[in-house]
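Here is the structure we will look at, set down as structure tokens.
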Amino acid sequence: MLALAVGIIAFSSPAIAQPFTQAGFEAYLQKVAARARAEGVSERAIASGLSGLTINERVVALDRPQAYDPNSVPPPFEPYRREHVDAARIAGGQRTYASSASLIPAVEAKYGVPGEILVAIWGHETNYGSFMGGFDTIRSLATLAYEGRRRELFEDELVASLKMLDRGVSRSQLTGSWAGAIGNPQFLPSVWLRVAQDGDGNGTRDIWNSRADTLASIAAYFQSAGWRKGEPWGLPAYVPAGFDRDSLKTQLVSPRCPRVFARHSQWRTIAEWKALGVRPQRLVSDDTMASLFEPDGPGKTAYLLTGNYRVILDYNCSNYYALSVGLLADEIRR
């Protein structure tokens, strides 16, 4: 761990240029402790979580490239697809799906989410549990909250991680990504508190070691986000030459991830898309609502995306992430 007990470490970004000291960090953690105490967190959990923490410079450095660039242009999707829906990940997903055959039907019946979608999320997040990250979750969250660029988000998650200690999660178990995501599904602590499930009925919600808990927890997340049972996430479609795309551009501005949703067309039923000459490449009900998305532009693969695609976006608000999850799920079930 990096001790910053003396001196001043300066981190800079386009939005923030601020000195950080270990003394300032510790003073900030006292404020977090007071908030946690007010929200019912025990003194034991506060001491276990916050005692002896130091700033993690590496976490701040990793967070800097995440800053929003309003002038960035989306890269092409096809290279991303080749990397994330590759033969190894497909094979791993098919093995994981097969080895989970005793669990998946009950999860599907309870939550209404297809098993291949659950396994595809697991594959994208941690390569089916092979890499869940090695950062100290509480130290990462405390560092990012103190740094301040997204203090509200990370302070909320820091307090949530302390609540996890009160619910029986061990301090050593709280490791994961540099940004605080944990376990097989890479939940943030607040998500674990809200939706993690005891899928195997042993009295714990173990998203690190239990396959049953992992699958049920992802399914509960999707159910809570509005997954529609029996509806596909989307499907490839043929778009005719000379198609008038301008008349179908969305006029809505989403309050969440606006640039992601701005790339989608207006909503139409599948029957209406067919009447416009857009042909879905798989069977789907004519009354299903869908938007058109051409990630690499006209003449390349196009997709008709349903409301369930937007549920995947709720998990990670990236078109390419959501598309690759859907495509990987299709390959897993094939």
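Below are the figures for this structure:
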| quantity | calculated |
| --- | --- |
| Full-extension gain in nm, ARG64 to SER99, via 0.36 nm per residue minus C-alpha separation | 8.7 nm |
| Local electrostatic count, ILE270, Cβ distance below 12 Å [Lys/Arg +1, Asp/Glu -1] | 0 |
| Amide H partners (placed H, <5 Å) of PHE187, local residues excluded | ILE182 |
| Calculated over segment 14-135: convex hull of Cα atoms, volume per residue (Å³) | 218 |
| Extension reserve of the THR269-ASP246 stretch, reckoned as 0.36 nm per residue once the Cα distance is removed | 6.5 nm |
| Stretchable slack from SER224 to ARG37, in nm (0.36 nm times residue separation minus alpha-carbon distance) | 64.4 nm |
| Under 17 Å from the Cα of LYS249 - lysines, other chains or at least 8 residues apart | none |
| For the chain, calculated [θ]222 nm from helices alone, where every DSSP H run of n ≥ 4 adds -39500 (n - 2.57) | -14000 deg cm²/dmol |
| Residue order, fewest to most surrounding Cβ atoms within 10 angstrom, among VAL119, VAL159 | VAL159, VAL119 |
| Ranked packing of 256-267, 203-214, most packed first, by mean Cβ within 10 Å | 203-214, 256-267 |
| Size-normalised alpha-carbon gyration radius of segment 99-194, reference 2.2 N^0.38 Å | 1.20 |
| Scattering curve values for the chain, log₁₀ I(q)/I(0), Debye with Cα scatterers, q = 0.10 Å⁻¹ | -0.68 |
| Sites ALA27 and ASP166, calculated FRET efficiency, Cβ-Cβ separation with R0 30 Å, nearest 0.05 | 0.80 |
| Dipole of the chain, positive end: most advanced residue of PRO258, VAL169, GLY92 [Cβ charges, Cα centre] | PRO258 |
| Whole-number D in µm²/s for segment 234-305 (Stokes-Einstein; Kirkwood sum over Cα pairs; 37 °C, 0.692 mPa s) | 264 |
| Estimated distance in nm for a label pair at ARG334 and ASN316, the labels positioned 7 Å out from Cα along Cα-to-Cβ | 2.0 |
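FYI, it's all coordinate maths here, none of it is from the lab. Here the structure is a predicted model, which is why all the values come from computation and not from measurement. We place every Cβ from the backbone using ideal geometry, glycine too, and count neighbours over all the protein chains shown.
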